[in-house]
Amino acid sequence: MRILRILHALQSVVGHRTEDTFPERAQPVEFVEGEGDSPRAVFVQRTGIARKILEDPIFEQMRFLDDYLALCDPQQTGWIRYFMDHNPEFLNGEAHRNQSRLLRPELARCVRRMDAVPPGEVVALVDEVLASEGPSTFAIARKVTAHLFGCCLQEVSGTGVTVDEEVLFGVDIFLPFPRPAHLHRCHERVEAYLAAVRRIREPGPAELLLLLTLLMMGTAPTVAAVNWAANRWLRHATLGASPGAPEPEVDFSLAPTSFVMRRCTQDTVVESHPFRRGDVVYLFLGEASGCPLHRLNSLPFGAGRHTCSGQPLSRRMLELAHAGFRGARGDWSRVQASGVVPGRSSAFVKFEGTA
């Protein structure tokens with residue numbers, strides 16, 4: 001029953017958001033009491049409070065999958081367990097700092113690889129979708145994102161192995177209450193790709209960690225951000241921008257991440273709201289008040305010690321997407337805009353056309 005209450009609370013915000021707004025919520029913080037010894041669930045719906053919590057060391061990173069992995073066959077979730085144990089996103093203290101240092105040079109390699117992508121290459125991808133039957137902004141976003149991530153994966157793996165789109169877009173471990181069968185499928189898809197890479201060469205520890213990071217937590221927010229940008233370019237192209245009207249800018253006003261989770265490690269008060277030790281805190285990375293997100297108050301990359309280390313790579317990918325939209329010569333009038341899929345409570349925004 002409590003799980004249903006938490007799921008309902010999540011869906012009441014995330015499940016009814018649009019691409020740039022959250023539904024109106026009266027309370028900045030809401031509490032769902034635990035049953036027996038289970039912890040409370042706390043929903044923070046104001047970005048100002050969320051930022052303070054993200055920057056407060058009292059609130060540690062939440063290993064939200066541990067309880068669900070305990071229900072799974074270890075051999076069928078091995079790569080997910082490895083990812084949870086090694087990615088800095090799920091670590092605290094010195095372990096977080098060490099793994100962040102390990103990952104940073106590999107992420108820089110990917111940024112350099114993106115710098116080498118000719119803008120015309122992305123333009124050709126966009127024009128290919130524009131010329132297809134029934135084009136949509138989601139199809140454009142998927143095509144561009146798949147290509148850019150494919151370049152990064154080949155750079156990091158040091159091989160020419162291509163990644164199947166079922167793997168690239170089918171690995172989603174950031175569900176509030178994932179079923180074992182879903183986690184097993186995610187593991188199988190990752191295993192299939194890594195097995196192909198390892199037949200050619202064995203990735204080093206940092207390379208392996210980044211390959212897993214790209215597959216498990218990179219694609220979903222990126223394709224959402226690119227889709228949102230494509231929607232803006234569609235409106236710009238089809239509404240007849242007046243001469244001299246500015247083109248859409250590269251920015252992250254949309255938070256492609258809907259929420260992140262933290263655990264409170266000791267009793268504390270944040271802006272008059274009392275938190276108890278053990279509270280599981282859901283932080284919505286956007287003002288869940290019905291007001292449009294704004295670049296000054298949205299937190300697409302988080303804050304504090306766990307600010308997303310992939311921020312430079314994400315920004316470079318979005319810059320390349322914008323260059324592709326700017327240079328495209330196809331007919332945008334045939335393109336259908338893709339909106340956010342309603343009812344989804346995933347941590348990442350999901351646009352129409354997702355599986």
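Every number here is computed from the coordinates shown, using simple stated rules; none is lab data. Keep in mind the model is a prediction, meaning the values are calculated, not measured. Methodologically, a virtual Cβ is constructed for each residue, glycine included, from the backbone with ideal geometry; neighbour enumeration extends over all protein chains shown.
Some values worked out for this structure:
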item	result
Förster radius 35 Å - calculated FRET efficiency between GLU202 and ALA181, Cβ distance, rounded to 0.05	0.70
Amide hydrogen neighbours beyond the local backbone of VAL29, cut-off 5 Å, H modeled	GLN45
Gyration tensor (alpha-carbon) shape descriptor, region 84-197, a/c threshold 1.5	oblate
Stretch gain in nm, segment LYS52-VAL111, where the contour uses 0.36 nm per residue and the Cα spacing is subtracted	18.3 nm
Length gained when the stretch VAL269-THR238 is fully extended (0.36 nm per residue, less Cα-Cα span)	6.2 nm
Charge dipole magnitude, Cβ of K and R +1, D and E -1 - the chain, Cα centre, debye nearest 20	300 debye
Packing-based ranking, highest mean first, of 321-328, 123-130 given that Cβ atoms within 10 Å are counted	321-328, 123-130
Among 10-22, 107-119, the order from most to least packed when residues are scored by Cβ within 10 Å on average	10-22, 107-119
Inter-site label distance for ARG101 and LEU7 at 7 Å from Cα along Cβ, in nm	4.3 nm
Mean residue ellipticity (222 nm) of the chain, computed from DSSP H runs ≥ 4 via -39,500 (n - 2.57), nearest 500	-14500 deg cm²/dmol
Distant-in-sequence amide H partners of VAL270 (H built 1.01 Å from N, under 5 Å)	PHE275
Global form of region 1-54, assessed from the alpha-carbon gyration tensor, a/c cut-off 1.5	oblate
Nitroxide proxy distance, nm - points 7 Å out along Cα→Cβ at THR307 and GLU94	2.5 nm
Rg/Rh (Cα only; Kirkwood hydrodynamic radius) as it applies to region 2-334	0.97
Prolate/oblate/rounded call for region 191-280, Cα gyration tensor, a/c under 1.5 rounded	oblate
Estimated distance in nm for a label pair at GLU165 and ASP37, the labels positioned 7 Å out from Cα along Cα-to-Cβ	4.9 nm
Positive minus negative residues near LEU209 (Lys, Arg vs Asp, Glu; Cβ under 12 Å)	-2
